[in-house]
Structure formats: C-alpha cells, structure tokens
Amino acid sequence: MSVSDWLLFLLVRSLSLASLPGSIPFSSLQVQPQPDAKMCDQTFLAITFGPCDSCGLNKPLMNIYLKNEPINYCSLCVELMACQGLATGETIHTLKAESESLKTKLEEERAKLHDVELHQVAEKVEALGQFVMKTRRTLKGHGNKVLCMDWCRDKRRIVSSSQDGKVIVWDAYTTNKEHAVTMPCTWVMACAYAPSGCAVACGGLDNKCSVYPLSLDKNENLSAKKKSVAMHTNYLSSCSFTNSDMQILTSSGDGTCALWDVESGQLLQSFHGHSADVLSLNLAPSETGNTFVSGGCDKKANVWDMRSGQNVQSFETHESDINSVKYYPSGDAFATGSDDATCRLYDLRADREVAIYSKESIIFGASSVDFSLSGRLLFAGYNDYTINVWDVLKGTRVAILFGHENRVSTVRVSPDGTAFCSGSWDNTLRSHSQVGCSSGKWWRWRLNGS
Amino acid sequence: MIGLSTAACRSLFSPVCVRAVQQEYYKMTIRSDRDHGQRYRPRMSCLKKVEAIVVQMQDPSTGVKGADQKLNVTTIPHAITGQVIIAWIAKNMNMDSDEAQAFGTMLVAFGYIYPLQDHKKLVLKPDGSLYRFQTPYFWPVQKWKAEDTDYAIYLAKRNIRKKGVLDAYEQEEYNKLHTWLNHKWDFIVMQAKEQYHAGKARQKADRVVFDCQERAYWIVHRPPPQTYSAMDCGLDRHIDPNVEEIIYTQQAVMRSRVKSSVSLGALVKYMTTFKNHDPFLVPCLPSNPWQTDNDSYWELNMTDVEVPTKMRVERWSFSFYELLNDPRGRADFKVFLKKEFSGENLAFWEAAEELKWGTAASMSEKAEHIFKTFLAPGAPRWINIDGRTMGLTVKGLEHPHRYVLDAAQTHIFMLMKKDTFYRYLKSPVYKEIQKKAISPEPHNFSDSQLQQNMRNRRPSISPIITWQKEQEEKAKAAAAAGPIDIKKLMASKLDRK
C-alpha cells in the first residue's frame, strides 16, 4: 500500500491522532449488528452490508477507493490498515504534502467545467423592482435572548426558544401564545416543529434533544410527556425533523451530526467529518430527500448522505465560522452565512462556490440565512442588528430592515413564502412581509418596533 | 486633542496598568484553557475593520469635526454631535442615512464612541446629542478582559468619591462583588484608594474626561438592566479548529461534475418558473394574510379543499415533486391513477416512504407487509420492476433495514415521473381540475376595513386536531379498501390492450 492510499483513511486516523476534546471515537458510535438478527436498523444500502474483502465476516462495509479501485472493507479492517500505515514510518508531513497536492488537483478538476459566472447568466434576467418590507407582528413574551425559531407547516404557528430555557409555541398571526415549556437548561439553541404539528423538539446546553408532544389541554404540563431523544457530548446547536415525526437530525458542539429514532431514542447514523463545532444543518428538499448540509466553526460546509453517513461533498471557502446553512428550494444549491460578514451560494452539481453576497459596509457576521419561495431572494440576519435582503442572481442587496435592538439570531421564511420571521437577542420575534401596491402607494418604513 | 493617547494613559494610571499586566500574565497561564477557541479564532476580527474606520474618523483633517462643548459646568474638549457623525459615515462609507445611523449605533454599542448625555443608552441619535471618541486604551479589542476585580475597584472608587453616587443596579452589583471577592477586598479597596488619589492629582478637566471614558467603558462591559451589551458574544465555541484536519480528496476528485452553465441555468430556470408564486415578488391572491389580516388565502389553499386555486393547479405541473408534495395534488393524481388502474406504483412509493421515515420498532412488520402486498410473486398489487432491482430488493429483505426498498422506490419514482406524470398532465382529469379551479379576485380593502380586519384576526384549528382527523380518515380508507379483486383487475387491463 503506497503513501497516497493512506490518504483515504486520514479522516479516520486524524480523528484518533488529534485528541479532540469531547468527541466520540468513530468506531464506538457504530451501531453493532445483532448476531442473530433477521432485521437490523442499519441505515445504509443493501450492497454495503456483506462480506468484508479482508476478514471475510458479514459486516457493514465502508465503500472506499484505493488507487481508483473500489474496495469493501469493514470498519475494523479499515482502522487496522490505517494503524499499520503509521507503523511503516510515513510521517504526517509527507502525507500532508500529498493531501495538499490532491486538494490542488481537486480545485483544478472543479475549475475545468467552470465556463460561466452567475452574474453573466443573470444578465438576461430582469431586475427586481423596489423592495419595501414591513414588520407585521412583534411577538413579545420571552424574558431573554431569542435563539432559534421554526415554522409549523400550517404557515402561521411558530415555536421559539430562548436563553432562559423557555420554549414557546405561538400563533404568529394572532400573536397568541399557545404552549410554553420550561427546559431544565439554559441556552436552548435549537428548536424544531414536527411536520405533523403535534410536537416540538428542542435542546441546548443540556447536550440533549428532547421531544415534547403538544396537547390540546392548556393546563397540561408538557414536561411530563417529554421524550429525551438525542445525546451528544457537547451543546446541541441545531435540530430538525426529517419528513416525519419519527426521526430527528441533530448537530452539536462536539463536531458531529446524528440521526435518531424518536420513539426508541436509538442512534441511527452518525456523521463525522467536521473538526470543530457544527453550528447548523439543513435537510435537502429534493424528491430523493436523502442528503443534508451542515456548516461549522471549521469554516467548512459538508453535504452528507443520510443513508451511509458519508461526507459526499465539502466546501471550504469561508474565512470564518459558518453560522447558518440553507438549501436552495430546488435542492441543487445551498447558501451559507458566516462570521466573516459574507453569505455565499454553493452549487452542488457544479461542485463550487458561485456567488458571494457582501458589501464593504457590512462588517458584522451573518447569523442566519433563508431563501424566499422562488429562491430569488436571500434573507440574512446579521450581528449588527439588521436584516439584509439579497438578490440571489444579481448579487446585489435589495432591501435592509432595521428595528431589532440587538443581534438577529434567526431568520426563517414561512412554508408558503408569505412572510418571514426574525428572532433576536432583544427578546422579541418579528414577522415581516412585502408591502403591497394595491393602494398604489409605496411607503418607506423605518421599523420602530411597532 | 483627540482624547488621551495610550502612552499618556499608561503613565497616568500606572497602578491599573501594572495590575493589568500582572493579570495578563496570570490569564495566560490559567485562562488559555477555557478561552482556547476564542483566542485563536478571529471572532472579533470584524472589530479590526471597525477600528480602522474609527481611526479614520479621528483624522484631524478628513475626520469628523468636533468642538469644545460646555456641559454643566465643565468644558468637554472635542465633542461631536450625532448628526455630524451620521453625515460623515454616510459620505465616507457610501451608505444612506438610515444605514449610517445603524452603523453608528454599533460604534456606540461597542464603545468606540460614547454619549455624554443619557450615557446609559448606547445608541446614536441623529440630532445634536453629544458624543466623544473613546480612548484606545478602553477599546474592546484590547487583550485584557473586563474582569470582576476591575469592576469592583471601579465601583469602590466611585463610592469613595461620594457616598450614594452608585445607581441601584450598581449598588447591587457592588454588594454581590463584596461577597464574591471578599478574600481580595483589602486589595480592591487599596487599589481604589490609589486610583482615587492619583485622579485627584490631575487637572479637573482631564479628570472629568477620564471619568466619562471610564464610565462609558463600564456601561459597555457591564450593561445596566434592560439594556444590551454588544460585547455579549453568546456561548463560547468549544473546539479549537486550528488542529489541522486533513481532508481526503481522492473520492472528491473523482466525483462527476456538471458544467457551470448547465447548473446555473437550472437555478435561473427554477427562479423564473416559480417567480409568480413567490409572495415576495408577486402579490398572492386574494391577498397576503400578513398584510391585510384576512386569512382567505389560507382558507382557499387548505389541504382538503374541494376546489383548488388556479395558481395551485399550475404549480402541480412544474414538477412531479411539486405534485406529490401537495396533498391536494397527490389526491388528484390518485384519481387519475384509479381511472388507469395503475395505483399500485404510487401506493408502493407511499409505503416505502412510510418505511423510510417510520419508527424503528415498526420497520420489520412494515417491510413484511410491503413484500406481501407489492413484491411477492402473485402479490395483489404487484409492481412491475426490472429483474435486477427485484433481485436486489428481495435479497435485501433478508436483512431488512430502513433503506432496503431504496432501489425499487427510485425505479418506481422515475417511472412515474417520466411517464405517468406527463400522461396525467395531458389527461382529462387534470384538464377538468384546471377548468374547475378558481382564481380569486384581489382584495381591495379601505383603511377602515383594514383596521377592522386587524381587530378580528381569526384563530385557526389546532394542527393537532387536523392531524387526528387525517389519521382517522386514513384508517377509514384503509379499512374500506379491502382485498382487491384480481380477476377484475386483469380483465380491465386486457380490455385496455
């Protein structure tokens, strides 16, 4: 086995060599197959469960390429090979050098098919008109910073979580509070509404993600029926339900993402590849619905296959932590918001970054991004208390919203695209929508917290 | 003179500086553990850019013009007004005045500029309110952190100067610190006295200026209640990303890629297709509920509505995914499939989706049920897939797992997408629903009507109830379906041929 071959296992090896505090060694998280099981809930394709090329046992296999040839080794044999490699005296530096050269080769390959820039394609598209947004509702009720929010599929209800541990379900249209839960921890940074509308999931400094089934009875204590689903070794930064109430995808400060079965709390799949806190994740909306993207403090945005747990694509062009990732509505691209004060658009099929949304005057980091329904507008909340709205095609800013009195921590567009809601460290949530021209007047509003 | 220079500060306040240096050394050995990530990562790198701008603003020739101002009894040197600051920012940073004000507020919130009047509220007012530049010694990018000990010394010093000068919240903090730092209290009081005496030795004007600066510094780092401090960064991020993670790239290099023109063209096409359906670009009919407080739009687009809107029906034709994703569209598609007697494909797809996203405990029985219903030879709703896929699927069902039906499901989906979907769009079923679909008139509310709408916002049915109803309907439908008569099925298929 030559030097370049070992590069393929570096992900596994470097995890063990660089003793990251608080991270779980990969092998211990693998779901162990029951020996006599006719059924086992291992989330990978049928063809990746079978006899290992090296030890011959029937085990889950890792599909990897060795000198352009695919081989099927079980994870134990992969680790053995990796350790052997180190013993033959290859140094980290030579391997790093090889890795760097491969990286350059990757960039060359990516550049080969890059025949046109986004703004060139955008020339043929007509420009957007005047944009005027207005704050429609201000939801007051949290006693501390609002950290996260999510819309219900009924297009009007939202769930929001805050630093003091309170999670509130509102009908944003009428501004009524419908449910409230007090979490046993502070800094609830992740919350999600279940697709059925019958439960919410939240988590934060307790390192767990808990699911609370909602009840029609106002007086019922929701904490009684709480289900503890995910367990990480560091804070929970983001969570999301998949297409049903039965599975949750979580990301954590321990650098991993994981897929869980809600009913049993079982870990279905774990995703390793980030070298620092993972701050945000988003599920692909495409028909196959098997991938998701995650962004972390290591400036990388990774695309993962949920079935095999493998990192399918990776992008590293940001200059600082990626705070938020969001798929383009068609699923073929995604946008990121980062502490380096830029938002960027990455195209998955062309495998490259295609646009940067930034301005000299925007100096503070973007904390949260979301697309409008058609994908033409990108709403981004920033740490300088403002929300900027970008034209995705032309790369220009079409509107700026003021009104929050502290950082904007989360921005989400409603499921039918009629409004978007922003949550901020000033303890409020605001929903905004376009100002109509039915009366023929265009108003320029400076939003003063009305 | 633009505030006191750093060197001047250092010479005037040596006790503070000596201690700061001591603390820095102390911190280097102890704090580095906790601060690991924060130190290495440029989380505050944006402040370097801000710093550069603030330095520009203080340029004697091109910077912000200030003047000596009389405040109470003393004269404050080089005070600037809010509107002058905003004008300068707007001109030099190419912004309009709203944005300039927002940026100016950030400068005040971080403590680069401090207000002389109403000093507790850290915002930039676009009028004649007075501000001053903070001395670089007190800038937030400095390496030393605003420690509790420093705060205690500051409060103690103010207490010495005049009893009862502390605000209520400051008094509270002071008492807390007294308990918390009791072991150091002698040191703190000694330092406070030193600083107080050092201060007294200076000229009154300098003293007033320094007091203002120090006070501003502590407003930023220890915000009064009900105000916010921009220094609050939230949780520390825990892992030091400077540990080099070597990404393997071999597989990435071998990945197949598409030309930029093709993929970007697809993005543009998507945007153009959905443009009329985006409420932010084209107003939705009859009106946006958030705008007019009238929720007809949601009523007309409910899941189980009898007659959908024209826009909704149009959206079904954009892609098979849009059709399936909309429950009303899927129902219409099922009507079409029933007429064609080819409902088994969609039923299989739905069953496979349920398996994929279902709870782990129910998986094995679901897999068995699907096998018996769709895949076994002679099954009542046998689906027609190619031999290889069938072989793979059946083999996989020996060790059933969540994605065991993936290959078959994709095959069936593609079949429906490429063939059935287009036939549906040309079918009389679709044409009929297109005709039946309504196009609501846009609302035109007068101002008084809008006010009334605002007062009468309607609540909606809880999603829990909607969900329960849906589940009941499903159960009823499943019970009513019953075993399918194969002979009748085959007869109708032969008839069509």
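Return the residues of the stretch A:359-370 that are at the interface with another protein chain (Cβ under 10 Å from one of its Cβ atoms) and either in a strand (DSSP E or B) or within 15 Å of A:N282 (Cα to Cα) (or both); say none if nothing qualifies. First the steps, then the outcome.
To start, the set of residues in the stretch A:359-370 that are at the interface with another protein chain (Cβ under 10 Å from one of its Cβ atoms) comprises A:359-365, A:367.
Scanning the stretch A:359-370 gives a single hit, A:S367.
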Exercise. Would you check if A:L378 is in a strand (DSSP E or B), within 17 Å of A:A122 (Cα to Cα) and not charged (D, E, K, R)?
Key: yes
Self-check item: Residues of the stretch A:381-394 satisfying the condition of being closer than 15 Å to A:D340 by Cα and assigned to a loop (DSSP other than H, G, I, E, B)
Solution: A:N383, A:D384
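What number of residues within the stretch B:312-358 satisfy the criterion of being farther than 15 Å from B:V429 by Cβ and in a helix (DSSP H, G or I)? Working first, answer last.
Just the residues of the stretch B:312-358 that are farther than 15 Å from B:V429 by Cβ, to begin with: B:312, B:314-315, B:318-322, B:324-327, B:344-345, B:347-358.
The next check asks that each one be in a helix (DSSP H, G or I); those that pass are B:312, B:314-315, B:320-322, B:324-325, B:327, B:344-345, B:347-357.
The total comes to 22.
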Quiz item: Looking at the stretch B:414-435, is at least one residue more than 9 Å from every other protein chain (Cβ to nearest Cβ), in contact with a strand residue (DSSP E or B) (Cβ under 8 Å, 6 or more places away or on another chain) and either over 28 Å from A:D261 (Cβ atoms) or of a type in the set (D, E, K, R) (or both)?
Solution: no
Quiz item: Restricted to the stretch B:169-206, and to residues that are hydrophobic (A, V, I, L, M, F, W, C) and more than 30 Å from B:P77 (Cα to Cα), which residue is surrounded by the most Cβ atoms within 10 Å (Cβ to Cβ)?
Solution: B:I188
Self-check item: Close pairs from the stretch A:333-345: first within 11 Å of another protein chain (Cβ to nearest Cβ), partner of a type in the set (K, R) and surrounded by fewer than 24 Cβ atoms within 10 Å (Cβ to Cβ), Cβ under 7 Å, at least 6 apart
Solution: A:D339/B:R43
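Would you pick out the residues in the stretch A:341-355 that are surrounded by fewer than 20 Cβ atoms within 10 Å (Cβ to Cβ) and either acidic (D, E) or at pLDDT 95 or above (or both)? Break it down into steps so the answer makes sense when it comes.
Taking the stretch A:341-355 first, the residues surrounded by fewer than 20 Cβ atoms within 10 Å (Cβ to Cβ) are A:349, A:352-353.
Correct list: A:E353 only.
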Self-check item: Candidate set from the stretch A:358-378 (those that are among the small types (G, A, S) and within 21 Å of A:V146 (Cβ to Cβ)); member that is modelled with the lowest pLDDT
Solution: A:G365
Quiz item: Can you name the residue in the stretch B:293-311 that is within 8 Å of chain A (Cβ to nearest Cβ) and part of a helix (DSSP H, G or I) and is also surrounded by the fewest Cβ atoms within 10 Å (Cβ to Cβ) among such residues?
Solution: B:W298
Self-check item: Neighbours by Cβ (under 6 Å, 6+ apart or cross-chain): first from the stretch B:405-426, of a type in the set (D, E, K, R); second crowded, with 19+ Cβ neighbours inside 10 Å
Solution: B:K417/B:F320
Exercise. Look through the stretch A:282-305, keep the residues that are hydroxyl-bearing (S, T, Y) and in a loop (DSSP other than H, G, I, E, B), and return whichever of them is surrounded by the most Cβ atoms within 10 Å (Cβ to Cβ).
Key: A:S286
Self-check item: B:K395 under 28 Å from B:F320 (Cβ atoms), assigned to a helix (DSSP H, G or I) and not acidic (D, E)
Solution: no
Quiz item: If you scan the stretch A:104-154, which residues turn out to be more than 30 Å from B:S263 (Cα to Cα), facing chain B (nearest Cβ under 7 Å) and either among the basic types (K, R) or in contact with a His (Cβ under 7 Å, 6 or more places away or on another chain) (or both)?
Solution: A:R136
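Only one of these is in contact (Cβ under 8 Å) with a residue 12 or more places away in the chain, within 25 Å of B:H197 (Cα to Cα) and of a type outside the set (A, V, I, L, M, F, W, C): B:T75, B:T81, B:T105. Name it.
B:T75
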Quiz prompt | Selected residue [at pLDDT below 90 and in a helix (DSSP H, G or I)] from B:A146, B:A198 | solution = B:A198
Practice problem: Could you check the stretch A:161-270 for strands (runs of 3 or more DSSP E) lying wholly inside it with 1 or more residues that are hydroxyl-bearing (S, T, Y) and within 12 Å of chain B (Cβ to nearest Cβ)? | Solution: A:190-193, A:236-241, A:247-252, A:256-261
Practice problem: Starting from residues that are under 22 Å from the mean Cα position of the chain (by Cα) and polar (S, T, N, Q), keep the ones in the stretch A:358-385 and report whichever is nearest to B:F318 (Cα to Cα). | Solution: A:S374
Self-check item: Flag if A:A355 is more than 10 Å from every other protein chain (Cβ to nearest Cβ) and in a strand (DSSP E or B)
Solution: no
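The values are calculated or read from the model by the stated rules, or taken from the named source; none is laboratory data. No experiment lies behind these values; they were computed from the predicted model shown. All Cβ positions, glycine included, derive from the backbone under ideal geometry; neighbour counts span all protein chains shown.
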